[in-house]
Amino acid sequence: YKNITGKFADFAGKEVTLHGYFDSEPEADLRKTSYVFRVSSITDGKNTYDISGRILVNIYGGNSNSTYEYGKKATLKGKLEMPKGMRNPGGFVYAMYLAKLKISAIINLNESDVKLEEQIKGNPFKKAGLAIKQRIIYVVNKSLPRQQAALLNGMLIGEKKELGEKVEEVFSDAGLTHIMAVSGANIAFIILPFAFVFKKIGVRQPVANSIIILILVLFVFVTGFSASVVRAVIMAIILLMGGILKRESDIVTSMAFAALILAA
């Protein structure tokens, strides 16, 4: 926790220039659009330091349609801030919450403080996952009325931006919020149809399981590395690998192995 929050502590409250690339999709509300930005180096006006890390970028006053794509390289200029620590005993600690997301600092900007560069970086698998996610959202939105499309997007990939506060409150009051969260049930909905189809067309189990594993890994990128999905995918991969290696799988061992990976 302290290793993450202290990464940019020497630059707290200073005007700095950050070099790196956007490392997430935009999260927009009425006031701002937020991103995770992966820093490769930082300049404090005199010197440049090769410090890598992730920060939360809030861009105010911009057009909600003018967003920056994942992997786009940029230079940001503004005052770096450290997330707030504990205010009340036993209360919510914002700094710890961000640390769990590997985010070390915050910077609040206007669009004029962002200078884009031509190069595109980032993880190619994550890019592919985000592209598939956007395609799913596009197809669903084109096929259904707005409210139904928002509901289906939430159930399929956990995309809840278009649901609206009233609908989310209704689901919460009914105790059905879990329906909108991607979890192990989504993994089962992926594995079972593919396993059924591969068996019907005569694909050998080792080949079928290998293809399903690749699909599951891609689904992790589509859903943005949701902890519940990562846990379920790890367990599913262990079970599928058992079929490939002709070994008996154990659900308890799979759960323990998934827990160890997530805790690392």
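The values are calculated or read from the model by the stated rules, or taken from the named source; none is laboratory data. Treat the numbers as computed from the prediction; the structure is a model and nothing was measured. Every residue, glycine among them, receives a Cβ derived from its backbone with ideal geometry; neighbour counts consider all protein chains shown. Keep in mind that these areas ignore ligands, DNA and RNA; they rest on the heavy atoms of the full protein, side chains included. Shrake-Rupley method; radii C 1.70, N 1.55, O 1.52, S 1.80 Å.
Here are the numbers for this structure:
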quantity	calculated
Unmet requirement for Phe171, which otherwise passes all of (1) at pLDDT 75 or above; (2) surrounded by 16 or more Cβ atoms within 10 Å (Cβ to Cβ)	(1)
Per-region count, the range 6-51, residues in a loop (DSSP other than H, G, I, E, B), polar (S, T, N, Q) and farther than 18 Å from Pro83 by Cβ	1
Residue check for Arg231: of a type in the set (Lys, Arg), under 26 Å from the mean Cα position of the chain (by Cα) and open to solvent by 50 Å² or more (accessible area, probe 1.4 Å)	yes
Hits in the range 46-56 - residues which are within 17 Å of Ala105 (Cβ to Cβ) and either surrounded by 17 or more Cβ atoms within 10 Å (Cβ to Cβ) or not polar (S, T, N, Q) (or both)	Tyr49, Asp50, Ile51, Gly53, Arg54, Ile55, Leu56
Residues satisfying the stated conditions in the range 100-130, i.e. at pLDDT 85 or above and of a type in the set (A, V, I, L, M)	Ile103, Ala105, Ile106, Ile107, Leu109, Val114, Leu116
Options Tyr138, Tyr94: the member that is within 25 Å of Ile51 (Cβ to Cβ), of a type outside the set (S, T, N, Q) and under 21 Å from the mean Cα position of the chain (by Cα)	Tyr94
Test: residue in the range 131-146 that is among the polar types (S, T, N, Q), under 20 Å from Pro26 (Cβ atoms), at pLDDT below 80 and open to solvent by 70 Å² or more (accessible area, probe 1.4 Å)	no
The range 234-244, residues that are closer than 9 Å to Ile187 by Cβ and open to solvent by 20 Å² or more (accessible area, probe 1.4 Å)	Met235
Residue that is surrounded by the most Cβ atoms within 10 Å (Cβ to Cβ) [pool: residues in the range 200-228 that are under 23 Å from the mean Cα position of the chain (by Cα) and without any contact (Cβ under 8 Å) to a residue 12 or more places away in the chain]	Phe225
Residue list for the range 2-36, restricted to those being crowded, with 17+ Cβ neighbours inside 10 Å, under 15 Å from Leu98 (Cα atoms) and in contact (Cβ under 8 Å) with a residue 40 or more places away in the chain	Ile4, Thr5, Lys7, Phe8, Asp23, Ser24, Val36
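For (1) touching a residue at least 12 places away in the same chain (Cβ under 8 Å); (2) surrounded by fewer than 17 Cβ atoms within 10 Å (Cβ to Cβ); (3) under 14 Å from Val57 (Cβ atoms), each residue gets a yes or a no:
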position: Gly71; (1), (2), (3): yes, no, no
position: Phe92; (1), (2), (3): no, yes, no
position: Ile103; (1), (2), (3): yes, no, yes
position: Ile106; (1), (2), (3): yes, no, yes
position: Glu111; (1), (2), (3): yes, yes, yes
